1. Explain nothing, just the number: relative contact order of the chain, from Cα pairs under 8 Å at least 6 residues apart, as a whole percent.
2. Would you order 169, 117 from fewest to most other beta-carbon atoms within 10 Å of each residue's own beta-carbon?
3. Using only the alpha-carbon atoms, how far is helix 129-154 inclined from the longest principal axis of the chain? Give it as 0 to 90 degrees, nearest 10.
4. For segment 33-51 and segment 146-169, what is the separation of their C-alpha centers, rounded to whole Å?
5. Compute the Cα gyration tensor for segment 75-192, then decide on rounded, prolate or oblate, letting a ≥ b ≥ c be the square roots of its eigenvalues: rounded whenever a/c is under 1.5, prolate when a/b is larger than b/c in the other cases, and oblate in all that remain.
6. Which of the lysines could a cross-linker bridge to residue 158, judged by Cα under 22 Å and excluding same-chain residues fewer than eight apart?
7. Within the chain, what is the longest stretch that has no trypsin sites (Lys or Arg not before Pro) placed in a DSSP loop and near at most 16 other beta-carbon atoms within 10 Å?
8. To the nearest 500 deg cm²/dmol, what mean residue ellipticity at 222 nm is calculated for the chain from DSSP H runs of n ≥ 4 alone, each contributing -39,500 (n - 2.57), summed and divided by the residues?
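Just so it is clear, none of the values below were taken in a lab; they were calculated from the coordinates. Note that the structure is a prediction, hence the values are computed from the model and not measured. Reconstructed Cβ throughout: ideal geometry from the backbone, glycine too, with neighbour counts over all protein chains shown.
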Amino acid sequence: MATDSSGTESKPPVRHHDNYEKRLSLILKAASKIIARDGFAGASVRDVAAKGKIGLSGIYYYFESKDELLYAIQRHSFSTLVSLLKERLETCYSPEDKLKAVIDNHFQFFVKNRDEFRVCVHEMESLSGKYYKTVLKIRQEYFQLVRGVIDEVLRGSKDETDLTALFLFGSLNWVYMWYDPEKNYDVDKLSSQYLRVLLNGINKSQEL
């Protein structure tokens, strides 16, 4: 999946599109598992090929380097988060419903894409140049989208909104360290609990 100078993917011939996308998804899943397990510095394209049961030449048909693989994982992950959240917000009416959608969307993505999630949390600084700039732009769009929802809920100062947004992302992104969907609450219950704490605090009757 070679990219041009703007970071845009070159597209495959239409007649091969389905097979191209299927194999591309397989490679990205394999790469996410290897990088999540070994870290970007410790991962190798050879390990990705073995995990995905695809030849090295097949990997390099899609990606010129390990750096491009990391870029593709993060670009796809954050673009998906943004797209899914925008769709969900269109069906929400109250600020609280929008905030619940933000939390639930983030958790749903995590449960379905645990390796990609871990890569996005830990490996942003492993990107550089045009790859870093492209992913950073999408991450900033996501942050501003979420920040806008929080601002609707709080209707407070800029500093208060920014701090709450940072607090929310910090807690959401750390959930992979302890949450197991097979042992803990289901996602909807987890989202509701996060929403309650964010809106009311641990003890809403106690003032600090």
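1. 22 percent
2. Going from sparsest to densest Cβ surroundings: 169, 117.
3. That helix lies at roughly 20 degrees to the long axis.
4. 37 Å
5. Taking the square roots of the gyration eigenvalues as a ≥ b ≥ c, segment 75-192 is oblate.
6. Qualifying lysines at Cα under 22 Å: 98, 100, 137.
7. After excluding every exposed loop site, the longest remaining stretch is 54-154.
8. Calculated from helices alone, the mean residue ellipticity at 222 nm is -23500 deg cm²/dmol.
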